[in-house]
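Input: a single structure, listed below in structure tokens.
The values are calculated or read from the model by the stated rules, or taken from the named source; none is laboratory data. Bear in mind that the values here come from a model prediction, so they are computed numbers and not experimental data. With ideal geometry, Cβ positions are generated from the backbone for all residues, glycine too; neighbour counts draw on all protein chains shown.
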Amino acid sequence: MNGHFLRAAIVIGGISAVMFATLFIKPSYGHDHDRPELNAWFDKLASGKGLCCTVTDGVAIPDVDWATKDGHYRVRIEDQWFAVDDDAVITEPNKDGRTMVWPYYADGKVLFIRCFMPGSMT
């Protein structure tokens, strides 16, 4: 009977983990599937920290989730504000138009911003 209980607990734990991940993992929107002509451009985007899309795809963020403070950018991810290092800012023109951020995660937490591309704020 203990063996059945253990197997059931493992199955329920696995199902719970999958459900948790499904609820809280945010999708990435870097490459816009409606605009495949931008794929090569996205693949070459780089900041002073290196290529942006090599670690993760970028995420579009609304204008209310980024700002400037004391001459530097900052972004809000998961209700927490992060400073954007100057060398993480993409300096070429934004062909996509959306504000994009490439956060670097470790252990489920944002460690730093790898790349940031301001949008048009329209």
Single unsatisfied condition, Y104 versus (1) touching a His at 6+ places or on another chain (Cβ under 7 Å); (2) over 18 Å from A40 (Cβ atoms); (3) surrounded by fewer than 19 Cβ atoms within 10 Å (Cβ to Cβ): (1)
T91 modelled with pLDDT under 95, surrounded by fewer than 13 Cβ atoms within 10 Å (Cβ to Cβ) and in contact with a strand residue (DSSP E or B) (Cβ under 9 Å, 6 or more places away or on another chain): yes
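The rows are residues; the columns are (1) modelled with pLDDT of 90 or more; (2) out of contact with any Leu (no Cβ under 8 Å at 6 or more places or on another chain); (3) of a type outside the set (K, R).
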position: H72; (1), (2), (3): yes, yes, yes
position: R76; (1), (2), (3): yes, yes, no
position: Q80; (1), (2), (3): yes, yes, yes
position: G119; (1), (2), (3): no, yes, yes
Of all residues making up region 107-117, the number that are of a type in the set (K, R) and surrounded by 13 or more Cβ atoms within 10 Å (Cβ to Cβ): 1
Where a residue in region 90-116 is hydroxyl-bearing (S, T, Y) and its partner, wherever it lies, is at pLDDT below 95 and in a loop (DSSP other than H, G, I, E, B), with Cβ under 7 Å and at least six apart: T99/P118; T99/G119; Y104/V55
Every residue from region 47-67 that is surrounded by fewer than 17 Cβ atoms within 10 Å (Cβ to Cβ) and either closer than 14 Å to D85 by Cβ or among the aromatic types (F, W, Y) (or both): G48, G50
Among residues of region 80-102, those that are part of a strand (DSSP E or B) and either touching a Lys or Arg at 6+ places or on another chain (Cβ under 7 Å) or farther than 23 Å from D70 by Cα (or both), counted: 4
